[in-house]
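Input: a single structure, listed below in C-alpha cells.
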Amino acid sequence: MPEFDTVVVGAGMAGATAARLLTDAGQRVVLLEARTRVGGRMHTDRAAGFPVDLGASWIHGIERSPLWDLVQALGIPTVEFTVGSFQAGGRPIADFDGTGRRMSAAESERWVSEVAMADRAVEREIARSSPGDTYREVTERALDGLERLEDAMDPERIDEIREFFRHRVEEQCGAWIGDLDAHGLDEDAIDGDEVIFPRGYDELPTRIAAGLDVRLSHVVNRVERGADGVRVDTDRGAFTAEQVVVTVPLGVLKAGGIVFDPPLPDDVAGPIDRLGMGIFNKIFLQFPERFWEEGVYAIRALGESGEHWHSWYDVSAISGRPTLLTFAAGPLGRRMQTLSDDEVVRDVARALGSLYGDIPAPDAQWITRWAQDPYTLGSYSYLANGSSHADHDALSGPVDGVLHFAGEATWGAEPATVGGAYASGVRAAERILGRPVDLTAFAEGVRHGGA
Ligand SMILES: Cc1cc2nc3c(=O)[nH]c(=O)nc-3n(C[C@H](O)[C@H](O)[C@H](O)COP(=O)(O)OP(=O)(O)OC[C@H]3O[C@@H](n4cnc5c(N)ncnc54)[C@H](O)[C@@H]3O)c2cc1C
C-alpha cells in the first residue's frame with residue numbers, strides 16, 4: 001500500500017492550496033518543495049525590516065475574486081493600488097512625452113483617450129484575426145487603420161501608442177509582442193480595484209501551508225506511474241502515493257526538470273511545448289528623499305524617452321520610505337539578467353534622471369532574476385504564438401487518473417496570476433476528492449491556523 005494518498009509537488013499557492021484541501025478532507029498528504037521556503041513565486045524579502053515582494057504583489061481586480069474572498073476571510077490587510085496592470089489611466093500617472101517633457105493634465109487625458117481608441121481598433125482586429133496571427137500583427141493592422149483615418153493622429157503619437165502596446169505585452173506577459181498570440185491578452189480584463197499587501201504577499205501561502213506535512217529542500221526529479229499508483233523520486237528519497245499533483249512552474253516542465261515515466265501523452269506534452277514562459281523582473285529603488293510628485297501612482301515615459309525603462313510605480317506606502325518599482329520584462333528582462341546590480345541601478349537611475357534632472361542616488365535596491373532561478377526558469381506563462389487558450393486547461397491532465405497538474409499555467413481563465421494558481425489548486429483537490437470543496441470552510445480552517 002502506498003505511503004500517502006496524495007503527494008503534492010511544489011509549495012507555492014497552487015500546491016499549498018491543494019495539499020491543504022486534501023489534508024482537511026482526511027487524506028494522508030505530503031507536500032514536497034525544492035526550496036528552503038514555501039510560497040514559490042510569492043516571495044517576500046523582510047531582511048530590511050519591511051516587506052519587499054520580489055514575486056507577486058497584486059490582486060489584479062478584487063470583484064468576483066475567490067482570492068479576494070480568501071484574503072478578506074483571513075483578515076489580511078491590503079492597500080489599494082490600481083495601476084498594477086498596465087493601463088494608460090485609471091489613477092494619477094505622471095506622463096512624460098517622447099522628449100522627456102512632463103505632460104499636462106489635458107495632454108495626459110488626451111493620451112488616455114487615444115490609447116482607448118487604439119484599443120478598440122485592436123479589439124476589432126483581434127476579432128477578425130486568423131489562427132497564427134501574432135499580437136504584433138493585429139496591433140500593426142489597427143495602427144495602420146488609425147493612420148489612414150481622415151483626421152489621423154500625427155505619426156509620432158502613433159509611434160508612442162505602438163511602444164505602449166509593446167510595453168504592455170512585456171509587462172503583462174513577460175514576452176516580446178511578436179511572440180504573443182493575437183489572443184494573448186484576452187483574459188486581461190480587470191474587475192474592480194487592484195490591491196497590494198503591506199505585510200507581504202507570502203503571508204497567504206505561508207498560512208495555508210501551516211501545519212501541513214511539508215518537506216522543504218526536496219527536489220523532485222522523477223514521477224513514475226504504475227499499477228499501484230505513483231512513485232515520486234527526490235534527491236532525498238522516494239515517496240509513494242495513490243495520486244500526485246505536480247505544481248512546478250511551466251519553465252521547469254519545459255526544461256525537462258522532472259522526468260515522467262511513462263512519458264506524458266501529447267495532450268499534456270503538447271501544451272507544455274506550445275505555451276510560453278515569460279520573463280518579468282522587478283527592480284526596487286529606495287531613495288533618501290522623494291523627487292517625484294506626491295499623489296502619483298506611477299511615472300510613465302512614452303515614446304523614445306521610455307524606450308527601455310518606461311514605468312515606475314510608487315510603492316512607498318509599503319516601507320514608509322520613498323521607493324519606486326520598475327520592471328524589466330520580455331527581451332529587456334532577459335538582457336538585464338546579464339548585467340551586474342550596479343549596472344542595472346545606474347541604467348534605471350539615468351532614465352529617471354532624464355525625466356527629473358538631478359536625482360539622489362538610491363540608498364537601497366532589490367533586483368530579481370527569475371529566469372535564472374532553477375525552480376521557476378521564468379516568471380509566468382503566456383499564450384505564445386501557436387498555442388491556444390485551451391492549452392492551459394489541457395495541461396492540468398489528469399493523466400491515467402493519477403497524475404494531476406496545477407499552477408498558474410494550467411488555469412486558462414486567469415493564467416499568470418496568484419488567483420489562477422489558487423483556482424487550479426482547488427480544481428486538483430476537487431478532482432482527487434471527486435466532489436466540490438467548500439471554500440468558506442477552507443478559509444475558516446486556514447484562519448484558525450494549522451491543519
Ligand atoms: C516578478 C513576478 C511578479 C508577479 N506579479 C504578480 C502579481 O502582481 N499578481 C499576480 O496575481 N501574479 C503575479 N505573478 C505571478 C504569480 O506569482 C504566480 O502566478 C503564482 O505565484 C504561481 O503560483 P504556483 O503555485 O503556480 O507556482 P509557484 O509559486 O512557482 O510554486 C511552484 C513551486 O514548485 C517548486 N518547485 C519547482 N521545481 C521543483 C522540483 N523539481 N521539486 C520540488 N519543488 C519544485 C518551486 O520552488 C515553487 O515553490 C508574478 C510573478 C513574478 C515572477
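The values are calculated or read from the model by the stated rules, or taken from the named source; none is laboratory data. The structure presented is a predicted model; accordingly, all values stated were derived computationally and were not measured. Reconstructed Cβ throughout: ideal geometry from the backbone, glycine too, with neighbour counts over all protein chains shown.
Key figures
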{"quantity": "Pair list, Cβ under 7 Å, 6 or more apart: the stretch 9-22 residue outside the structural domain of ALA443 (by TED's automatic domain parsing), other residue hydroxyl-bearing (Ser, Thr, Tyr) and modelled with pLDDT under 95", "calculated": "none"}
{"quantity": "Candidates GLY55, GLY84, GLY26, GLY75, filtered to the one that is at pLDDT 95 or above and within 28 Å of ILE367 (Cα to Cα)", "calculated": "GLY55"}
{"quantity": "All positions within the stretch 426-445 that are more than 26 Å from the chain's Cα centre (by Cα), part of a helix (DSSP H, G or I) and farther than 12 Å from ALA73 by Cβ", "calculated": "ILE432, LEU433"}
{"quantity": "Pairs where the first residue, in the stretch 281-308, is touching a residue at least 12 places away in the same chain (Cβ under 8 Å) and farther than 20 Å from ARG346 by Cβ and the second is of a type outside the set (Gly, Ala, Ser) and in a helix (DSSP H, G or I), C-beta under 7 Å, 6+ apart", "calculated": "LEU302/GLU160; LEU302/GLU163; LEU302/PHE164; GLY303/GLU156; GLY303/ASP159; GLY303/GLU160; GLY303/GLU163"}
{"quantity": "Single residue of GLY15, GLY61, GLY55, GLY26 found to be closer than 21 Å to VAL446 by Cα and in a loop (DSSP other than H, G, I, E, B)", "calculated": "GLY26"}
{"quantity": "Condition check for ARG120: over 30 Å from ALA351 (Cα atoms), without any contact (Cβ under 8 Å) to a residue 24 or more places away in the chain and touching a helix residue (DSSP H, G or I) at 6+ places or on another chain (Cβ under 7 Å)", "calculated": "no"}
{"quantity": "Residue check, ARG28 in the same structural domain as GLU242 (by TED's automatic domain parsing), more than 9 Å from the ligand (Cβ to nearest atom) and touching a strand residue (DSSP E or B) at 6+ places or on another chain (Cβ under 8 Å)", "calculated": "yes"}
{"quantity": "All positions within the stretch 394-425 that are among the aliphatic types (A, V, I, L, M), assigned to a loop (DSSP other than H, G, I, E, B) and more than 20 Å from ALA269 (Cβ to Cβ)", "calculated": "ALA413, ALA416"}
{"quantity": "Residues of the stretch 8-67 satisfying the condition of being over 19 Å from the mean Cα position of the chain (by Cα), farther than 23 Å from GLN243 by Cβ and of a type in the set (A, V, I, L, M, F, W, C)", "calculated": "ALA47, ALA48, PHE50"}
{"quantity": "Members of the stretch 354-378 that are of a type in the set (A, V, I, L, M, F, W, C) and in a strand (DSSP E or B)", "calculated": "ALA364, TRP366, ILE367"}
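Quick grid of which residues meet (1) surrounded by 18 or more Cβ atoms within 10 Å (Cβ to Cβ); (2) away from the ligand (no atom under 15 Å from the Cβ); (3) within 20 Å of GLY278 (Cβ to Cβ):
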{"position": "ARG346", "(1), (2), (3)": "no, yes, no"}
{"position": "PRO362", "(1), (2), (3)": "yes, yes, no"}
{"position": "LEU383", "(1), (2), (3)": "yes, no, yes"}
{"position": "PHE405", "(1), (2), (3)": "yes, no, yes"}
{"position": "THR410", "(1), (2), (3)": "yes, no, yes"}
{"position": "GLU414", "(1), (2), (3)": "yes, no, yes"}
{"position": "GLY419", "(1), (2), (3)": "yes, no, yes"}
{"position": "ARG427", "(1), (2), (3)": "yes, no, no"}
{"position": "GLY434", "(1), (2), (3)": "no, yes, no"}
